[in-house]
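Note sheet for the following structure.
None of the figures in this text is laboratory data; all of them are computed from the coordinates on show. Just so it is clear, the model here is predicted, and its values are computed rather than measured. Note: ideal-geometry Cβ built from the backbone for every residue, glycine included; neighbour counts use all protein chains shown.
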Amino acid sequence: MSWDVDTGTAAARSLGEILHALSELGTGIHRRTLLPHARLADRASELDIEQLNGARAPGEAAERAVLVSLLLEPAPLALRRLSVEDKSVRHFQGVGGGAESTCEEVAVRPRPEKWTRFARCVLPRLERNGHVTAMQDVYADLAVEGTELGDLVSGLSPEEWVAETPAASWTVRHQVAHLASVSRMVRLAVSDAEAFEAGTAPVREDFQSGMDAALAEYVAEPLPGLLRRWAEERAAAEKGLAALERRDLVPWPAGPLPGSVLAAVALTELFAHGQDIRDGLGRPRVLTDRIGHIAFLGTRTRDLAYRARGLRPPAEPFRFELTAPSGELWAFGPPEAGQRITGPAQDFCLLVTRRRHRDDLALSAVGTEADQWLDIAQSYVGPPGTGRAPQ
């Protein structure tokens, strides 16, 4: 491929190391062997760029570009796994010459359903203490976090419901109303595509005014009705999400999302607005490793911060090394990357949801681009806003 790229980048170095290792193993795989993969990558990058054309607003363009990246990035691995499964079955079923072959030569068993499901499902993965593992169940974690925050606000006094939160002009009541409206969107997305399209039309037309209109409906509810509606919408959304395969696509205002990504988005909403509620009430917060999904989403949406501001994202990937509440090390991105972010996962989640200023967090950056990113990081779609002032 005649790409105009810097051969000194982390990606180029990584490709060179992979080819060298394959050569040492005597596989016969060389650069020309990878041409089909290169053509697929070339088309995927074209699709990324195409998402920036014809969008009505920078925020919409940014979200579409990020969604396409999220959807396409695991596709080659998923396709390869499916192909390997198919070729393996064909190969081993043919060993020994058909019906007369015996199980002494090879044992071939019918493929269990769970393997077929796994082949269709590319789980979010991270490095934990040097080992690559699948992340925890995002659906179960979403349900637990929702229940905990629901229990907190259910016991508030009338005075606490009108307490101001860090979000300008929003009380605790506004925060809960927003979470209820988002739960409704998720519930419709996983259960009734037509109703979702109709209900979110104002949001697609004008993101901010559409969200404000949805908020007003819930803010007007008497408190018992608001709590009941949020609990019902949340439970229905959680049930619908849990019934999906992780990569099943569901509609969302800027384009379809895998169910697992939508669950991580919903979990991030709970984290961010739950933080606003606790800040407004002066309630402490004890975090668990359930924030791993929020951290994962924050690393995968790195470019959203640039595109929301009309900036060009860096070509080089970042390395993120975050310490979980349990003390485990979570790592995302290539180990050899020159641009690096390190620090507590809790602080990283507060940063990407713009609930704390970077000066109040124990996050460190190596590299100019990584340092600049700490100033603008956001994992949500929409205007970045003013963010939080340093304390």
Using the C-alpha gyration tensor of region 254-311, what are the square roots of 5 times its eigenvalues, in whole angstrom, with the largest one first?
24, 15, 11
By the gyration tensor of its Cα atoms, with a ≥ b ≥ c the square roots of the eigenvalues, what is the shape of region 195-314: rounded for a/c under 1.5, prolate for a/b over b/c, or oblate?
rounded
Please work out whether region 304-391 counts as rounded, prolate or oblate from its C-alpha gyration tensor, where a ≥ b ≥ c are the square roots of the eigenvalues and a/c under 1.5 means rounded, while otherwise a/b larger than b/c means prolate and anything else oblate?
oblate
Let's see if you can work this out: charge +1 on each Lys and Arg Cβ, -1 on each Asp and Glu Cβ, no other charges. What is the dipole magnitude of region 233-380 about its Cα centre, in debye to the nearest 20?
280 debye
So what is Rg over Rh here for region 279-337, counting just Cα atoms and using Kirkwood for Rh?
1.08
Can you give the Kirkwood hydrodynamic radius of region 245-391 from its Cα pairs, in Å with one decimal?
15.9 Å
Taking region 152-251, which GluC sites (Glu not before Pro) meet the DSSP loop condition and have no more than 16 other C-beta atoms within 10 Å?
E245
Name the shape class, rounded, prolate or oblate, that the alpha-carbon gyration tensor gives for region 171-237, where a ≥ b ≥ c are the square roots of its eigenvalues, rounded holds for a/c under 1.5, and otherwise prolate holds if a/b is larger than b/c and oblate otherwise.
oblate
